[in-house]
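A.B. asks: Below are the structure tokens for one structure; questions will follow.
Any read-out appearing in this document is the output of simple, stated calculations on the displayed coordinates, not a laboratory observation. Keep in mind that this is a model prediction, so the values were computed, not measured. Neighbour counts are summed over all protein chains in view; Cβ atoms, including those assigned to glycine, are modelled from backbone coordinates with ideal geometry.
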């Protein structure tokens, strides 16, 4: 459970009813009032960013909510930003809905749309920007499944640049693969120096995913790429802006695992829609 959910869980259990004919403002007011009951929250902003009418559950809608808070910490305070999904039918609000027949959370069917502003030229690695289909990939190069799947998917799509515009976003998972954090910075630095096909080569770098020594990580990277990226290169403003942009986009789209793929602006849970394009 995330820090934000831990902080808010007690307050949310106190009440779960809204007035009928729920509006975005109703949801915002209700959640803010509930959250403010937690003494650990110093400052709070709650904003409904998108409303999605559920097709499978008549009368219910999903609300994608952005929460921006300042919370008490052991030393001072810390800022927390998080996206949440809430459901309401106008009378009741709930953090989740479960399909009785399948036991599957309806949150699995809710995802923010991939906005046009997220298709940035620096993320376009193959294909034409005006291609028939847009595919966005969020991946960690040290994720075992990613290493097997992502290069194959990219190589398949890159053969037809008129059909596929492939956008790639770095999404390292530091708790699982700490080495990936510096590895993706090195990849961006290499691209900025004019290196080609960096993303595909990134999946062939051999390094312990738990490695934290930046010199060992860069040694493995430079050996594969035949480059000379230094620790100082990773600290450049351009590198950090690119990485932060990728992570912010991932946060806005509620990406929480790898690989995550969007096909023509919609989350592709199968990760296989590109294969069905004739």
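A.B. asks: Arrange 42, 243, 52 by Cβ neighbour counts within 10 Å, fewest through most, would you?
C.D. replies: Ascending number of Cβ neighbours within 10 Å: 42, 52, 243.
A.B. asks: Can I get the semi-axes of the chain's equivalent ellipsoid? Compute them from the C-alpha gyration tensor as square roots of 5 times the eigenvalues, in angstrom, largest first. It would help to have the intermediate numbers written out before the result.
C.D. replies: Numbers: eigenvalues 275, 120, 47 Å².
Working through the eigenvalues yields semi-axes of 37, 24, 15 Å.
A.B. asks: Then there is this: Between helix 24-35 and the chain, what is the angle of the helix's C-alpha long axis to the longest principal axis, kept within 0 to 90° and rounded to the nearest 10?
C.D. replies: Helix 24-35 sits roughly 90 degrees off the main axis of the chain.
A.B. asks: Bin all alpha-carbon pair distances of the range 116-276 at 10 Å intervals from 0 and give each bin's fraction as a whole percent.
C.D. replies: 11, 42, 37, 10, 0
A.B. asks: Additional query: With no solvent and one point per C-alpha, what does the Debye sum give as log10 I(q)/I(0) for the range 139-203 at q = 0.12, 0.13, 0.24, 0.26 Å⁻¹?
C.D. replies: -0.31, -0.37, -1.09, -1.19
A.B. asks: Assuming 0.36 nm per residue, please report the length gained on full extension of the stretch residue 104 to residue 277 beyond their Cα-Cα distance. Display every interim value, and only then the final one.
C.D. replies: Details: separation 173, 0.36 × 173 = 62.28 nm, distance 2.85 nm.
Stretched fully, the residue 104-residue 277 segment lengthens by 59.4 nm.
A.B. asks: To continue, here is another question. Kirkwood Rh over alpha-carbon pairs of the range 109-174, then Stokes-Einstein at 10 °C and 1.306 mPa s: what D in µm² s⁻¹, rounded to an integer? Mind showing how you got there, number by number?
C.D. replies: Numbers: Rh = 12.6 Å.
D = 126 µm²/s.
A.B. asks: Sorted by average packing, counted as other Cβ atoms within 10 angstrom per residue and highest first, what order do 152-163, 83-94 take? Can you show the working numbers first?
C.D. replies: Values: 152-163: 15.0, 83-94: 17.5.
My ranking of the peptides, most packed first, is 83-94, 152-163.
A.B. asks: State, as an integer percentage, the relative contact order of the chain based on alpha-carbon contacts under 8 Å between residues 6 or more apart. Display every interim value, and only then the final one.
C.D. replies: Details: 451 pairs, mean separation 42.3, N = 278.
Relative contact order here is 15 percent.
A.B. asks: Is it possible to state the helix-based mean residue ellipticity at 222 nm for the chain, with each DSSP H run of 4+ residues giving -39500 (n - 2.57), the sum divided by total residues, to the nearest 500 deg cm²/dmol? What is it? Don't skip to the end; give the middle numbers.
C.D. replies: Numbers: 8 runs with 87 residues, N = 278.
Estimated from H runs of four or more residues: -9500 deg cm²/dmol.
A.B. asks: With 10 angstrom as the radius, rank 134, 78 by how many other C-beta atoms surround their C-beta, starting from the fewest.
C.D. replies: On the way: 134 21, 78 13.
By the 10 Å Cβ count, ascending: 78, 134.
A.B. asks: Something else: Radius of gyration and Dmax for the range 33-75's Cα atoms, expressed in Å?
C.D. replies: 14.7, 47
A.B. asks: Could you grab the relative contact order for the range 116-276? Cα pairs under 8 Å, six or more apart, rounded to a whole percent.
C.D. replies: Working: 240 pairs, mean separation 45.6, N = 161.
Relative contact order of the range 116-276: 28 percent.
A.B. asks: Test of understanding: ordering 23, 109 by Cβ neighbours within 10 Å, fewest first, what list do you get?
C.D. replies: On the way: 23 14, 109 17.
Ordered by Cβ neighbours within 10 Å, fewest first: 23, 109.
A.B. asks: Additional query: Over all distinct alpha-carbon pairs, what is the Kirkwood Rh of the range 60-120 in angstrom?
C.D. replies: On the way: mean 1/r = 0.0700 Å⁻¹.
This gives a value of 14.3 Å.
A.B. asks: Have a look at the DSSP beta bridges in the chain and tell me what percent are antiparallel, nearest 5.
C.D. replies: On the way: 35 of 42 bridges.
Here the share of antiparallel DSSP bridges comes out near 85 percent.
A.B. asks: In whole Å, what is the distance between the alpha-carbon centres of the range 80-107 and the range 161-196?
C.D. replies: The range 80-107 and the range 161-196 have Cα centres spaced 33 Å from each other.
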